[in-house]
Amino acid sequence: MSNSVDSAIKKNGRSTVARISAAKFTQQTALLETLPHPIVVLGPDNVFVYANSAAEIFLSVSATILKRQRLEDVVAFGCPLIALVDQVRRQGASVNEYGIDILSPRFTSPKLVDVFGGLLNDSTDEIVLMLQQREMAQMIERQLTHRAAARSVSGMAAVMAHEIKNPLSGIRGAAQLLEPGLSDEDRAWSQLICTETDRIRDLVDRMEVFGDERPLTKEDVNIHDVIDHVCRLSETGFGRGVTIVCDFDPSLPLVPGNRDKLVQALLNLVKNAAEAFKAEHENRRIVIQTSFRPGIRLSVPESSERVNLPLMIQIHDNGSGVPEHLRPHMFDPFVTTKTNGTGLGLALVAKIIGDHGGVIECDSDDSKTSQTTFRILLPMKDAMKRRLTPKDRG
């Protein structure tokens, strides 16, 4: 009788432990699913044991198929990720590698990642890998540089407005006073003085915008209404001869922002895209897309606050592309590819997006299949709660 009771207790105890273990496993899996970074677990022979949703998206393959494959089947031969896994197995310790190119037959181009790998626990041969794509980290880092550049222009604009515009008025006034008493030949020179002072004044006027540090007056803005307005302006002006395609996610919530400033920024980007086409370009096409990308968060400088940036706007064109040497400096002041450009347009766009708490990045190439994509990430009003209704879309 005693043996039977002991056996029953042990059996019940094992089943209780099994239930607790299953519950813990479910909780851990649910936790990993919420993370925005790809996470995979590799068993012996590098067979996939687990992959979260972010890993499925990153590797372009479902977890069900991954569990029937080895790491060597998914990434290209000689991929540094394989060597990193072998190093973890040999050393039995965690390994971090930064700036690894991941190649795969499923990728259109290599993906640059930081990799964090280690043993799942000391009693198994299972290895956990977390991949962090460098693109987002680099974009945020560059965006902070763009904001610093815009702030430097703001200070310079304030000085120029005071120290240059006043003397310019005196120079122009003196030239106009001298003009009536000059010969026709000399009068041309006085008119040149007036023309050039007007040009400098207009440049300073444009730079004064950067000196406006007043907080934006924000309201709840339907970003699709803003884009529709930009498209109408474009199609009746500089966008003639260009096909503008809009691909919207109609369920996006409202954006806390200044409608006029957002129109100014997006109009500038669409105008740049339209001007990127040369005379020999055929099938001129600009695509404006909106989408929802949860999981993107940005640390606010000089604060512990982190904000969600789930709304993505992409403006894509198949024009001439941006020369490689200019890409890292696209949003710096006075950088331009236009013959008569001032290089202040994109710097102003970066300032407007930054004032809205967002970030902007540019991907481009200037090969035979040239294409350029400007990508904007913005915060939303009650992003996970408030969704637009058909009435909001009007």
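The values are calculated or read from the model by the stated rules, or taken from the named source; none is laboratory data. Note that this is a predicted model, so its numbers are computed, not measured. FYI the Cβ positions are ideal-geometry reconstructions off the backbone, even for glycines, and counts take in every protein chain you see.
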Subject >> Output for the range 87-109, where each listed residue is part of a loop (DSSP other than H, G, I, E, B), modelled with pLDDT of 80 or more and surrounded by 15 or more Cβ atoms within 10 Å (Cβ to Cβ) >> reply: Ser104
**OP:** Return yes when Val221 is at pLDDT 90 or above and assigned by TED's automatic domain parsing to the domain that holds Asp332 and no when it is not.
**Re:** yes
**OP:** Considering only the range 218-294, give the strands (runs of 3 or more DSSP E) lying wholly within it that have at least 3 residues that are in contact with a strand residue (DSSP E or B) (Cβ under 7 Å, 6 or more places away or on another chain).
**Re:** 243-247, 255-257, 285-292
**OP:** Give the residues of the range 74-129 that are in contact with a Leu (Cβ under 9 Å, 6 or more places away or on another chain), among the acidic types (Asp, Glu) and under 19 Å from Phe48 (Cβ atoms), sorted by residue number.
**Re:** Asp125, Glu126
Subject >> Within the range 233-254, considering residues that are within 27 Å of Leu309 (Cα to Cα) and either touching an Asp or Glu at 6+ places or on another chain (Cβ under 8 Å) or free of Cβ contacts under 8 Å to residues at least 12 places away in the same chain (or both), the one surrounded by the fewest Cβ atoms within 10 Å (Cβ to Cβ) >> reply: Cys246
Subject >> Filter result for the condition that a residue is modelled with pLDDT under 80, touching a Gly at 6+ places or on another chain (Cβ under 9 Å) and of a type outside the set (Gly, Ala, Ser), over Leu129, Leu112, Leu119, Leu84 >> reply: Leu112
Original post:
For the range 45-86, which residues satisfy the criterion of being surrounded by 18 or more Cβ atoms within 10 Å (Cβ to Cβ) and among the aromatic types (Phe, Trp, Tyr)?
Top reply: Phe48, Tyr50, Phe58
